[in-house]
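The values are calculated or read from the model by the stated rules, or taken from the named source; none is laboratory data. Please read these numbers as outputs of a predicted model, since none were measured by experiment. Backbone-built Cβ (ideal geometry, glycine too); neighbour counts: all protein chains shown.
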Amino acid sequence: MQLFNTIISDTRQLIADWSDQQAGGPLPVRKFEAADHVHWPAAGNRDIVFQSDTGVELGNPKDKSVAFLAWTDDAGQVHDNRITLVGPDIGEIAESSVPFGKVVLIHGSGFTEDNCYERFREMDLCRFDVSLKGYMMRAVSQYMREWSRISREAVKNGLNFEVLGSAMLRKLKEYDYIKAAEIIFVTASPDHVRQLGPMADRFMQYINAMTKMHQEMDFDCDSCEYQNVCDEAEELRSMREKLMDKKESSE
Amino acid sequence: MTANEKAPVIIAVCGKGGVGKTSISALLTRMLLKDSTKRILAIDADPAIGLSYPLGVPVHKTVDEIRNDFIADVEKGMTGSKEELIRRLDYEMLDAMTETENLAFLAIGRPEGDGCYCQVNSLLRDIIKAIARNFDIVVIDGEAGVEQIDRRVMDMVTHLFLVSDASARGRNVAATIDRVAQNKPGLKKTGIFFNRLQGAEEMDALTAQAPLSIIGWMAENALIRELDRDGKPFPDVGDGRIPFPEEAVYRFLKQ
């Protein structure tokens, strides 16, 4: 499935442009290799990091945040286990709250029109299973927003994007259909996060079109607001046709 | 659950309309806030959102507004899986929570209505319960009457703090709430607090007739009246200007 390949390559181009601009600058684009094991205690039952205990806040609802996850069956599109950071790391952030961007890229096998919608839901929700002491995350998939708080104690003890990225990638790799995964964090500035917007918007249009097909089973294309999206994406058209066939054979 | 993650004490302040539940909730909250090691969640379940004034905390969004925005989005066709909906509501609830040093404040706004959105109401109640687990003590300023006692969010209440004035109607409403609440599985203690009394003699007279265990009492207070009128925050309990029977209240909470 190559539905998101353009989005993935556009995201890569953006990071490459930033790398060129930032070379030797104050906010280098850094790359880490995800650790095989995450040595950080899990959070307990109390999962809220309170404002008064917060060291750093990422993507507070008052700030800009963009988070999305795209997949491909093209192995060459994803650098397995890579964590890319554009902007300061958690311990380097001077402000109490910064805008936040997060892009997860997946290379998977066996994605078809029949299973990709359910698989997307699984992969998207698995971020909520990341449990790290002093880290709290809330997200709204429909708005591609992600908001995290990292406690002062966790900042002091060295929680950084390498740990966070490793924990997220390890969690994703628990699904056997995920062959490679990488993650990109952006904390540089509101403008950097905003530049992820066009890719995120296109991604969400595809997801919304899939959601509509699966949940509403409404195939009146003339009245559907996602008609243009389906028309330009062959795999969405094919998904729609399969679902229509299924519906007709059940009637 | 570890030793320092024990279940919270959840106090519901209930009673007839106009007996001063909001003032008592505010004083109770301010008393509990004196222990800076304790995390307190104050939930304003009164549709008038009165508790924010005496506590001096701003409200930028209520649970009712979250529910309405959510329903409007669903009606526009913006749907998702149940898990996604829970995550969205959880995000919005945390955003709606006002936080100061060791106090968090959540305003419910208009109470949930009947209709086809019972699943949203049910999810919101579950999220409130999950949020409450992060605190040591939760104070709920209840709406007037007995209706909310039947709502599921009250299942988690451990201490029912009934407020009444000297009137027979106030005492009857308190007794009715107590009766209705007795089937709540988590309830450990119930008591009645008399507010706006004329003095100790009136309290003595009420003691003889009180159908419930008495937590304590307060006399009518001119400063509360003035602050209420102007919508200003109450002073810290302990500064003496509003005499709140702290020891008696602690006894009720600890027994």
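Observations on the structure shown:
- Those residues of the range B:42-58 which are under 10 Å from the mean Cα position of the chain (by Cα) and surrounded by fewer than 24 Cβ atoms within 10 Å (Cβ to Cβ), in sequence order: B:ASP46
- The residue that is nearest to A:ASP201 (Cα to Cα), counting only those in the range A:128-141 that are in contact with an Asp or Glu (Cβ under 7 Å, 6 or more places away or on another chain) and at the interface with another protein chain (Cβ under 9 Å from one of its Cβ atoms), is A:SER141.
- Within the range B:192-251, the residues that satisfy the criterion of being hydrophobic (A, V, I, L, M, F, W, C), closer than 29 Å to B:THR176 by Cβ and out of contact with any helix residue (DSSP H, G or I) (no Cβ under 9 Å at 6 or more places or on another chain) are B:ALA200, B:MET203, B:ALA205, B:ALA208, B:ALA248.
- Test: residue in the range A:24-34 that is closer than 25 Å to A:SER141 by Cβ and either among the small types (Gly, Ala, Ser) or surrounded by fewer than 19 Cβ atoms within 10 Å (Cβ to Cβ) (or both): yes
- The residue of the range B:99-127 that is modelled with the highest pLDDT, among those that are within 16 Å of the chain's Cα centre (by Cα) and surrounded by fewer than 19 Cβ atoms within 10 Å (Cβ to Cβ), is B:ARG125.
- Residue within the range A:66-85 that is within 14 Å of chain B (Cβ to nearest Cβ) and over 16 Å from the mean Cα position of the chain (by Cα) present: no
- Consider the range B:1-41 and keep the residues that are of a type in the set (S, T, N, Q) and at pLDDT 90 or above. The one that is surrounded by the fewest Cβ atoms within 10 Å (Cβ to Cβ) is B:THR37.
- Test for B:LEU85: is it within 12 Å of chain A (Cβ to nearest Cβ), at pLDDT 90 or above and touching a helix residue (DSSP H, G or I) at 6+ places or on another chain (Cβ under 7 Å): no
- The residues of the range A:31-65 that are among the basic types (Lys, Arg), in contact with a strand residue (DSSP E or B) (Cβ under 9 Å, 6 or more places away or on another chain) and within 12 Å of another protein chain (Cβ to nearest Cβ) amount to a single one, A:LYS62.
- Single residue of the range A:142-164 satisfying the filter (hydroxyl-bearing (Ser, Thr, Tyr) and touching a residue at least 12 places away in the same chain (Cβ under 8 Å)) that is farthest from A:ALA200 (Cα to Cα): A:SER151
- Restricting A:ASP129, A:ASP176 to residues that are more than 16 Å from A:ALA35 (Cα to Cα), touching a residue at least 12 places away in the same chain (Cβ under 8 Å) and acidic (Asp, Glu) narrows the list to A:ASP129.
- Helices (runs of 4 or more DSSP H) fully within the range A:104-186 counting 1 or more residues that are modelled with pLDDT under 95 and under 20 Å from A:ASP47 (Cα atoms): A:116-125
- Residue in the range A:92-113 that is in contact with a helix residue (DSSP H, G or I) (Cβ under 9 Å, 6 or more places away or on another chain), among the charged types (D, E, K, R) and more than 13 Å from chain B (Cβ to nearest Cβ) present: yes
- Test for B:LEU106: is it farther than 30 Å from A:MET123 by Cβ, within 14 Å of chain A (Cβ to nearest Cβ) and among the hydrophobic types (A, V, I, L, M, F, W, C): yes
- Listed by first and then second residue, the pairs linking a residue in the range A:39-60 that is within 17 Å of A:VAL98 (Cα to Cα) to a residue that is in a loop (DSSP other than H, G, I, E, B) and hydrophobic (A, V, I, L, M, F, W, C), with Cβ atoms under 8 Å apart and 6 or more places separating them unless they lie on different chains, are A:VAL56/A:ILE93.
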